1. Considering only region A:85-100, I want to know if a residue exists there that is within 26 Å of A:Leu28 (Cβ to Cβ), among the hydroxyl-bearing types (Ser, Thr, Tyr) and facing another protein chain (nearest Cβ under 7 Å).
2. Yes or no: A:Gln259 closer than 16 Å to A:Cys177 by Cβ, touching a helix residue (DSSP H, G or I) at 6+ places or on another chain (Cβ under 8 Å) and not assigned by TED's automatic domain parsing to the domain that holds A:Glu16?
3. Which count do you get for residues in region A:190-213 that are in contact with a strand residue (DSSP E or B) (Cβ under 9 Å, 6 or more places away or on another chain) and crowded, with 18+ Cβ neighbours inside 10 Å?
4. If the Cβ limit is 6 Å and pairs must be 6+ apart or interchain, which residue in region A:191-209 that is farther than 16 Å from A:Ala229 by Cα pairs with which residue that is assigned to a loop (DSSP other than H, G, I, E, B) and among the hydrophobic types (A, V, I, L, M, F, W, C)?
5. For region B:57-70, give me the residue count where each residue is crowded, with 18+ Cβ neighbours inside 10 Å and under 17 Å from the mean Cα position of the chain (by Cα).
6. Which residues, taken from region A:242-286, are surrounded by 24 or more Cβ atoms within 10 Å (Cβ to Cβ), more than 21 Å from A:Ser221 (Cβ to Cβ) and free of Cβ contacts under 8 Å to residues at least 60 places away in the same chain?
7. Going by the conditions given, is B:Glu100 of a type outside the set (Phe, Trp, Tyr), within 7 Å of chain A (Cβ to nearest Cβ) and surrounded by fewer than 16 Cβ atoms within 10 Å (Cβ to Cβ)?
Amino acid sequence: MMDLTKTPRRIALGLEGSANKLGIGVILHSGPSLSSSSATVLSNIRHTFVSPPGTGFLPKDTAAHHRSFFVRIAKQALAAADVSISEMDCICYTKGPGMGAPLTSVAVAARTLALLWDKPLVGVNHCVGHIEMGRAITGASHPVVLYVSGGNTQVIAYAEQRYRIFGEALDIAVGNCLDRFARTLKIPNDPAPGYNIEQLAKQGGRVLLDLPYTVKGMDCSFSGILTRADELAAMMEKGTGKGPDGEPFTPADLCFSLQETIFAMLVEITERAMAHVGSNQVLIVGGVGCNERLQEMMGAMAKDRGGSVYATDERFCIDNGIMIAHAGLLAYETGFRTPIEESTCTQRFRTDEVLVKWRK
Amino acid sequence: MATESLEYPCALTLNVPFPDARLASVALRALQVDKELSSLVKRDLSVAQDEESHLRVEYKATTNRMLRVAVNSFFDSLALVLEVMEELDVDVMEARKASEAKTP
């Protein structure tokens, strides 16, 4: 194992492409040891594959996007960080979970770079990347983590060197529910479908439409809500949809009702996890974590419990390369390496499979 | 093997030349990690015995369609590897940095 006292500065390149964002970033850890080290973002560049309104991003097209932008984004990230290759300690890439083809496209480039530059490779769990970046940015020491994105919905708490999953989505992820409803309404996917739903929801709120709120123990289900929201959208289209007040409802009312319902479910399971763990900090990570209404609702709950909510902005919430660099470098500092021969990708890679050696 | 050529009758062998043995080896190691997703396709990558700067790619598949899909996907990955080599190899990066330093 490396002697950390002799290397007060460690630098890692992070490569992320598990979904429709290609993210490349460079992080610097300084300080003599794991416990006292501080993380500095040297660069964090992202390029998003945006599909036309009414459509989602398909694995093949997304992988092609990542391949065609990889060199361009890598050059930008390296130039912005202004570090030389010799200063770089390791190259970190997303091993999973995510979509197979996009993951593999970035892994191929990661291996090539590691071999060309003669640097060790570190495979990173995408979810752990989100959690560690969230902790580093907000300073939340021992939070219950709500990880909400287009592909993942998990309530997580740390115990004995694992991020333990307390509750999760039983079917589709919360972000997938939002993304697909945006497709139903033909809302643009630029900059993000969820962002556009959030903006539209601000104009709604005259009525709260009834959607099947589904919490089962610590878990949630979103597919029934999506089906019902799609049905209501079809009724609205035909002009037959009426709200509880007998008046027609609008796309904004639908977006508002969808957000209120699914976020209330997330707040419920998060609160229960906080009660179990005895924590009054909530850290929200993942793309849906940018949603200010979710942050507001979570904040109200945390305040009632005498605690607070920790969230980051879109630079760190939405998939990015820097979180992969950061989590990878933490693992690297404990001696973790991914040999080239084993540097595969995996679509399924649960958060609790990772041994979190860098925490006590 | 006779049985294998019966089961996988559609074959394609490629010889990809690289500037030197180092780059051929990098391409080999970067590309051989991901297994073929379909059991209907077999792939064998090696650095050519007689020519160390050549990457030898042997594909065998049950149908021409499977062969085409697999080889196309291989070319996509190979193109990325080549682009990374051309643009981000150590000497290229150093040369770029040096020329940027001269013309601020």
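The values are calculated or read from the model by the stated rules, or taken from the named source; none is laboratory data. The shown structure was predicted, so the numbers you read here are calculated from the model rather than taken from an experiment. As a convention, Cβ positions derive from the backbone with ideal geometry for all residues, glycine included, and neighbour counts pool all protein chains shown.
1. no
2. Working: closer than 16 Å to A:Cys177 by Cβ: yes; touching a helix residue (DSSP H, G or I) at 6+ places or on another chain (Cβ under 8 Å): yes; not assigned by TED's automatic domain parsing to the domain that holds A:Glu16: yes.
For A:Gln259, the condition - closer than 16 Å to A:Cys177 by Cβ, touching a helix residue (DSSP H, G or I) at 6+ places or on another chain (Cβ under 8 Å) and not assigned by TED's automatic domain parsing to the domain that holds A:Glu16 - is met.
3. Selection size over region A:190-213: 1.
4. From residues that are farther than 16 Å from A:Ala229 by Cα, the pairs are A:Asn196/A:Ile187.
5. Total meeting the criteria: 5.
6. A:Asp253
7. no
Matching residues to (1) in contact (Cβ under 8 Å) with a residue 40 or more places away in the chain; (2) crowded, with 24+ Cβ neighbours inside 10 Å:
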{"residue": "A:Met88", "(1), (2)": "yes, no"}
{"residue": "A:Ile91", "(1), (2)": "yes, yes"}
{"residue": "A:Pro97", "(1), (2)": "yes, no"}
{"residue": "A:Trp117", "(1), (2)": "no, no"}
{"residue": "A:Val148", "(1), (2)": "yes, yes"}
